[in-house]
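Heads up, the thing below is written out as C-alpha cells.
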Amino acid sequence: MRDWQNIDYLASGNDRQKKAYHILTKMNILTILKEFDPILVGTIPLGIDIPGSDLDIICYASDLSKFKEISQYNFFRYSPFYERIKDGVYMAEFEHLEMKIELYASPEPTTRQFGYRHMIVEDRILNLTDDNFRDKVIQLKMKGLKTEPAFGKLLNMSNAYDELLELEALSDKDLKEFLYTNFT
C-alpha cells in the first residue's frame, strides 16, 4: 500500500499531480502543518481528478483554535481566503497558482477520518479493476457527480458514503468478488 503521507508519488504522476506536488512543496504546506499529521486526500492523489478538482488536506487537531491560528498566519495571504468551523471541523479554503486548496482539521486522527478511509477503499477498487472502471468514474464526475456517488452508481450502492466504508474490512479476494458481482 502507498504511503499517502509522503507526496513524492505526485512528482511522477499525471500533469495535475505534478502541479499539486509543485504547489504543495513550494508553499511548504505539509511541513507547516506537520504537527497535525496532514494527508492529501481525494481525487488528485487517486488520479481520477477532473478540471477544477481541488487539493484536500485533512489534519488532526485536538485544538481547533491553535490550528485556525496557524492556518490564518500561514495561508491568509492566499486570496481569496475563507474559513469556518462547522460540526467540530475547521475548514479553510484558498487558492494558489489557480488551484483551490482546502484544509480540514478535526479532532479525529487523520487515518480514521472519512476522507482518508474513502480514499483507501477507492484506491483498492481502482487497483482491482481495469481502466474502464476508472474512466467511468471520471465520466460520471465530469457529469457533476461527486467521487463517492460516482463509485456508488457504478457499484449499485444506495448510500455510497456508508457502503464504501463497509468494504474496508474485505480481503482483496472478497472485494474482487464484490466488484465482479456489482460493477455495472
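Only the coordinates and a few stated rules stand behind these numbers; no lab work does. Just so we're clear, the structure is a prediction, and the values are computed from it rather than from any experiment. We place every Cβ from the backbone using ideal geometry, glycine too, and count neighbours over all the protein chains shown.
Of note:
- Percentage relative contact order, the chain, counting C-alpha pairs under 8 Å, at least six apart: 17
- Leu55 long-range amide H proximity, modeled H, under 5 Å: Lys100, Ile101, Glu102
- Proxy reagent accessibility, fewest Cβ within 10 Å first, across Thr43, Thr129, Thr111, Thr31: Thr31, Thr111, Thr129, Thr43
- When the trypsin sites (Lys or Arg not before Pro) in the stretch 75-184 are filtered for DSSP coil states and for at most 16 other beta-carbon atoms within 10 Å of their beta-carbon, the remaining sites are Arg77, Lys143, Lys146.
- One entry in (1) 16.7, 50; (2) 15.7, 48; (3) 17.4, 60 is Rg and Dmax of the Cα atoms in Å calculated from the shown coordinates; its label is (1).
- Listed values for the stretch 82-92 are Karplus-derived 3J(HN,Hα) couplings in whole Hz (6.51 cos²θ - 1.76 cosθ + 1.60, θ = phi - 60°), namely 9, 8, 6, 10, 9, 6, x, 10, 8, 10, 10, and x replaces Gly and Pro.
- Tyr73, Tyr104, Tyr161 arranged by Cβ crowding within 10 Å, fewest neighbours leading: Tyr73, Tyr161, Tyr104
- Relative to the longest principal axis of the Cα atoms of the chain, the long axis of helix 114-128 makes an angle of roughly 40 degrees.
- Within the chain, the longest run free of exposed loop sites, counting GluC sites (Glu not before Pro) that sit outside DSSP helix and strand states (H, G, I, E, B) and have at most 13 other Cβ atoms within 10 Å, spans 1-97.
- Distance violations [Cα-Cα > 20 Å] among Lys18/Lys68; Lys18/Lys176; Lys100/Lys146; Lys141/Lys173: Lys18/Lys68; Lys18/Lys176; Lys141/Lys173
- Taking the DSSP bridge list for the stretch 38-139 and keeping only pairs wholly inside it, about 70 percent are antiparallel.
- Couplings 3J(HN,Hα) for the stretch 41-53, derived from phi with the Karplus relation 6.51 cos²θ - 1.76 cosθ + 1.60 (θ = phi - 60°), are 10, x, 6, 5, x, 7, x, 10, 7, 10, x, x, 4 Hz, where x marks Gly and Pro.
- J(HN,Hα) series, the stretch 152-163, from Karplus relation 6.51 cos²θ - 1.76 cosθ + 1.60, nearest Hz, glycine and proline x: x, 4, 5, 10, 6, 9, 8, 9, 4, 4, 7, 5
- Burial ordering of His96, His22, fewest other beta-carbon atoms within 10 Å first: His22, His96
- In this structure, the amide hydrogen of Leu33, modeled 1.01 Å from its nitrogen in the peptide plane, lies closer than 5 angstrom to no residue at least 5 positions away or on a different chain.
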